[in-house]
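Colleague: Attaching a single structure in structure tokens format; questions to follow.
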Amino acid sequence: MLKRVIPAFLLALGLVGARDAACVTIAFQDGTLLPGGAPYSNTLDTEIQQGNPTLALGGNLTIRVDALFNGGDVQGLMMFGNIFGALPDQIPLGSTINSAVLTLSVFDSSNVPIGTISVYQMTTTWSESSTWNSLTGGVNIGSDTVASPDDAHTVTATGLTTFDVQASLQAWSSGATNFGWMFSDSSTDSIQFDSSEAATVTARPLLTVDFTPVPEPGSLVLAGLAGAAALCVRRLRRGFRPE
């Protein structure tokens, strides 16, 4: 009898965990309401130009990324601030990030020659008033960023394009400081996309994160956390998005 009771008890713990540690999806976009009803407004973005090394462009409605413009490189910077924490519309630190997708609205794509757009996790601080010179010669890959990009691909069409930034979100959830991303273009034909200051709210950068919250220490949820995370991943693979 005891042998049958123990597995049943463990199964019950797992079911509790799977219920209480269910995956959650939050979309962050300036001017768009969060699940709790408040508008999100913590996106920072700008571009820095080697050809205009003291020019601050944080108020621009667009962001350019280019290997050659006005005689030099142009890098894009972006950060979704205040997305981690204990509030209802934040991602709890320690959560498992099941997916994280950054969506940009492109109005000028890279075609002649076609360039690869790379998104690197930043490891140093910056602001919308940053310039090429204030960042000491722009952003240096491997010292101001991690060595490898989260995602890199060509953007040859206007409209919406997406980047997989799960690696960055998981690093931040695990304790790394969120300094956002740097965008680079391998081509002298730029890509341009709408910034968080764009007049059309739906054209502003959008970060969609699906995660499994970390359970409280000592909670019964601990027993079912692994199963809940696996369930979320299976649902994502089927195209399921929880409400």
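The values are calculated or read from the model by the stated rules, or taken from the named source; none is laboratory data. Please read all numbers here as calculations on a predicted model, not as lab measurements. Here the Cβ positions follow ideal geometry from the backbone for every residue, glycine too, while neighbour counts run over all protein chains shown. What goes into the accessible areas is simple: the full protein's heavy atoms, side chains included, and nothing from ligands, DNA or RNA. Shrake-Rupley method; radii C 1.70, N 1.55, O 1.52, S 1.80 Å.
Colleague: Inside the range 77-104, can you point out the residues that are open to solvent by 10 Å² or more (accessible area, probe 1.4 Å), within 15 Å of the chain's Cα centre (by Cα) and more than 22 Å from Ala38 (Cα to Cα)?
Modeller: Listed by number, the residues that qualify are Thr96, Asn98, Ser99.
Colleague: Taking the condition of being touching a Phe, Trp or Tyr at 6+ places or on another chain (Cβ under 8 Å) and not polar (S, T, N, Q), how many residues in the range 60-71 meet it?
Modeller: Qualifying residue count for the region: 2.
Colleague: Give the residue that is nearest to the chain's Cα centre (by Cα), with candidates limited to residues of the range 145-170 that are of a type in the set (Gly, Ala, Ser) and either open to solvent by 40 Å² or more (accessible area, probe 1.4 Å) or more than 19 Å from Ile97 (Cβ to Cβ) (or both). First the steps, then the outcome.
Modeller: Going residue by residue through the range 145-170, those that are of a type in the set (Gly, Ala, Ser) are 147-148, 152, 157, 159, 167-168.
Retained after the next criterion (residues that are either open to solvent by 40 Å² or more (accessible area, probe 1.4 Å) or more than 19 Å from Ile97 (Cβ to Cβ) (or both)): 147-148, 152, 157, 159, 167.
Values: Ala147: 17, Ser148: 15, Ala152: 14, Ala157: 22, Gly159: 19, Ala167: 9 Å.
If we take residues in the range 145-170 being of a type in the set (Gly, Ala, Ser) and either open to solvent by 40 Å² or more (accessible area, probe 1.4 Å) or more than 19 Å from Ile97 (Cβ to Cβ) (or both), then Ala167 is nearest to the chain's Cα centre (by Cα).
Colleague: For the structure I just gave you, tell me whether Asp73 is open to solvent by 20 Å² or more (accessible area, probe 1.4 Å) and among the charged types (D, E, K, R). Please lay out each step first, then the result.
Modeller: Details: open to solvent by 20 Å² or more (accessible area, probe 1.4 Å): yes; among the charged types (D, E, K, R): yes.
In short, yes.
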